Amino acid sequence: MSERVPWRIIFGAIFAVLLVGGSLFLLLELHRIVTLVVVAGFFAVILGPPVHFLEHRGHLRRGLATMLVFLLSIAAMAGLLYAFIRPIVDQTQKFAEDLPGYVDDAQNGRGTIGKLVKRYKIDDYVQDNKDRFQHSLTSAGRQVPHYLGTVASGVVAVLTIFFLSFLMVLEGPRIQKGALNLIEPESRRERVRRVTTDCARAVTGYMFGNLLISVIAGTLAYVFLLIVGVPFKEVLGLWVAFADLIPLVGATLGAVPAVFVAFLHSVPAGIATVAFFIAYQQFENHVLQVSIMSKTVNLNPLTVLISVLVGVELFGILGALLCIPVAGIAQVVARDIYDERRGRLKPEPTVGVEEVPISEVPG
């Protein structure tokens, strides 16, 4: 004869199911806020070490050190934006000055553009579809308020991330201390502190590796375009570097404008540019990305590649940006749990296949 299940267990199970369902519902409803908090936390972890250095080595107050690091970060971002925007403005002015010549060449079949226009009868196509183009431009004009709203939302999101990151860095020690005080027994607190420090190293290592890969991509693209003689090589090289911050697909996104400009310059240059970016994409994805990330984040190259593929499939661009540090954090936690289960918990956590102690990890 089967025993009756107590009502408290039944109600407890129902409550647990409702709690999990409600949490998932809130997570979906608040996904935008959760995304902002996650991105802010990512930047807070990156900016935490320099603040810690200024606070303890420079003997500055936490608030002053945080303000100084954030001001330097803003200045660095402003410098990068200036380096990116200024050449675009200069080249746009030059293009506007040369535009009458391009139009004249196109109308008379001279130059690369003129030959393309003449061969594919683009002028006849434009003339035949003039009304359709005008209607499309008019429709695009009506979407201006929508685009302005999108830009405004982006600005608000950036400011929100900035202030969230600032507060996370400023209150970081208090938050960490409060969270550790909740852990019982007290003997586990030092272990958790060491593991979280190791996880932070994985995130900063990822950022350093990603920036290094982007610099390499932009530099190689600039050198190639310089050799081929493609115009606007400075802007295109900077764009490749910026776009390459996105793993796997970044080099492809950066290649699109470069290939377009190269074909406008000459057909052989365009074909050579396509071949260059295809070759570089394979080199970056299968050699450069996995080699550098396996050293800076101390992940197995296969783990790096799989984590990027999973991140892109599940969360798109955000998943591509965060998948490698998340994989690094997961490896740190999994190794610590494994060591405890085997009864050989180490006094200092290690990362990577070679089990390198965190004190010896670069960065």
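Overall, the anisotropy analysis places the stretch 1-92 in the oblate class: the square-rooted eigenvalues a ≥ b ≥ c of its C-alpha gyration tensor yield a/c not less than 1.5, with a/b not exceeding b/c. Using the Cβ-Cβ distance between Ala76 and Ser291 with R0 = 41 Å, the FRET efficiency computed as 1/(1 + (r/R0)^6) comes to roughly 0.95.
Looking at the stretch 38-81, none of the chymotrypsin sites (Phe, Trp or Tyr not before Pro) sits in a DSSP loop with at most 11 other Cβ atoms within 10 Å of its own Cβ.
Out of the GluC sites (Glu not before Pro) in the stretch 174-267, which ones are loop residues according to DSSP with at most 16 other C-beta atoms within 10 Å? Those satisfying the criteria are Glu186.
Pulled fully out, how much extra length does the chain show between Leu167 and Glu313, if you take 0.36 nm times their separation in residues and subtract their Cα-Cα distance? Spell out each step's value before the answer.
Details: separation 146, 0.36 × 146 = 52.56 nm, distance 3.17 nm.
Extending this stretch completely gives an extra 49.4 nm.
Values quoted throughout were computed directly from the atomic coordinates according to the rules given, and no laboratory measurement underlies them. Please read all numbers here as calculations on a predicted model, not as lab measurements. Positions of Cβ are backbone-derived with ideal geometry, glycine not excepted, and every protein chain shown enters the neighbour counts.
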